[in-house]
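A short reminder: the numbers here are calculations on the coordinates, not readings from a lab. Predicted model, so just to flag it, every value in this text is computed and none were measured. Note that each Cβ is placed from the backbone with ideal geometry, even for glycine, and that neighbours are counted across all protein chains shown.
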Amino acid sequence: KGCKFVGCGSAVPALQISNDELASIVDTSDEWIATRTGIRNRRVLSGEENLTTLAVEAAGKALQMAKVDPNDVDLVLMCTSTPDDLFGNAPQIQRQLGCNKSLAYDITAACSGFLMGLISAACHIRGGGFQNVLVIGADALSRYVDWTDRGTCILFGDAAGAVLVQACNSEEDGLFGFDVNSDGTGHRHLNANIKENETNNALGSNGSVLAFPPKQTSYSCIQMNGKEVFRFAVRCVPQSIESALEKAGLPASSIDWLLLHQANQRIIDAVATRLEVPPERVISNLANYGNTSAASIPLALDEAVRSGKVKAGHTIAAAGFGAGLTWGSAIVRW
Ligand code: ACO
């Protein structure tokens, strides 16, 4: 059995924050941020918006493009590390979309989330008999950004993107090859760890702390060693794409579009140079949105498809990388 990609959609919050605005809260400048990262603006959740509203909007657009009825969706994969509900965001999205006959669950793999979701969708279709799988990448890293840390707060934005993956016969198969990896030894370089708040311990009736006190928890802000993450990405992403291309039996010259997780323009440029993909075949929109984690690949894909850049039949090398550490790539036909 094969799988093909039949629709995409995206959504971003209304509130835009420019580099100049950030320079009014931390010691930075538009020039520093743009030169080091390529980022100029980012969108951040505000007002009534939340991750569910963004995800529903993005997924609804993907269903519309694919002309697939919500009742024909049999799996919703919500790829996120910043859900509205710690127990899982996917079922709320499923309900709001009206995907009434679908299984729905979350996948957590930070900035690689969407890529992992795409591969999982293909496995569910090939081995599990699923027909229409909605893969949503959505994150609101603004919730975990330390807005006093100029080393990280300049990088991130919030967004959602979605792709509908559909079962097809093997001749139509649009997933040519993939490669996925994780390495927990690099966890220290990028994380948002759990914090246990000891002051919320329950007290026993005699005033003593219970032997197994319930604790209230929260998460630390994003901690990142930027240089190490940069080195990891520039080393591992080209290797991963080369491995996926080898499995696909395709040369790098066959790539119509290189679509990387939008973390930093210098990372994108370095990977493109290493793979000898010319700049005009590289998709980049991080100037407008910053690093939107699991949303970045489907957001950039959606813009490229709707603007007519990516056309039916084009071959795309997509790669995600980020916390975990996790990374992976897929060679797909749009
Ligand atoms: N404005 C001005 N100066 C700054 C800023 C800022 N926003 N941030 C850091 N600096 C200063 C530092 O304090 C340092 O000053 P010093 O030399 O006086 O000590 C100097 O600039 C250099 O800082 P570095 O951190 O060494 O800067 P670098 O060139 O490494 O760029 C950056 C930092 C942009 C974060 C880069 O390392 C990077 O992009 N790394 C990859 C990060 C990334 O992509 N993360 C996301 C991964 S995906 C995920 O899973 C979330």
Among residues of region 115-132, those that are closer than 15 Å to Ala59 by Cβ and part of a helix (DSSP H, G or I), counted: 3
Residue pairs meeting the criteria (Cβ under 7 Å; at least 6 apart or on separate chains; first more than 18 Å from Leu250 (Cβ to Cβ), in region 310-324; second more than 16 Å from the ligand (Cβ to nearest atom) and of a type in the set (Ser, Thr, Tyr)): none
Residue ID - farthest from Trp327 (Cα to Cα), chosen from residues in region 211-261 that are part of a strand (DSSP E or B) and away from the ligand (no atom under 16 Å from the Cβ): Gln216
First in region 146-165 and within 12 Å of the ligand (Cβ to nearest atom), second anywhere and of a type in the set (Phe, Trp, Tyr), Cβ under 9 Å, 6 or more apart: Arg150/Trp32; Cys153/Trp147; Ile154/Trp32; Phe156/Tyr144; Gly157/Tyr289
Which listed residue is within 16 Å of the ligand (Cβ to nearest atom) and within 22 Å of Arg143 (Cβ to Cβ), from Thr28, Thr52: Thr28
Qualifying residue in region 94-114 (condition: in contact (Cβ under 8 Å) with a residue 60 or more places away in the chain, away from the ligand (no atom under 16 Å from the Cβ), in a helix (DSSP H, G or I) and not small (Gly, Ala, Ser)): no
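Quick grid of which residues meet (1) of a type in the set (S, T, N, Q); (2) touching a helix residue (DSSP H, G or I) at 6+ places or on another chain (Cβ under 7 Å); (3) surrounded by fewer than 21 Cβ atoms within 10 Å (Cβ to Cβ):
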{"position": "Met78", "(1), (2), (3)": "no, yes, no"}
{"position": "Phe87", "(1), (2), (3)": "no, no, yes"}
{"position": "Arg95", "(1), (2), (3)": "no, no, yes"}
{"position": "Thr108", "(1), (2), (3)": "yes, no, yes"}
{"position": "Gly127", "(1), (2), (3)": "no, no, yes"}
{"position": "Phe130", "(1), (2), (3)": "no, yes, no"}
{"position": "Leu134", "(1), (2), (3)": "no, yes, no"}
{"position": "Tyr144", "(1), (2), (3)": "no, no, yes"}
Filter pass, Gly7 being within 21 Å of Asn132 (Cβ to Cβ) and away from the ligand (no atom under 15 Å from the Cβ): yes
Test: residue in region 78-89 that is under 19 Å from Ser293 (Cα atoms), touching a residue at least 40 places away in the same chain (Cβ under 8 Å) and either among the hydrophobic types (A, V, I, L, M, F, W, C) or part of a helix (DSSP H, G or I) (or both): yes
Where Lys309 falls short, out of the listed (1) under 22 Å from Asn181 (Cα atoms); (2) away from the ligand (no atom under 15 Å from the Cβ); (3) in contact with an Asp or Glu (Cβ under 9 Å, 6 or more places away or on another chain): (1)
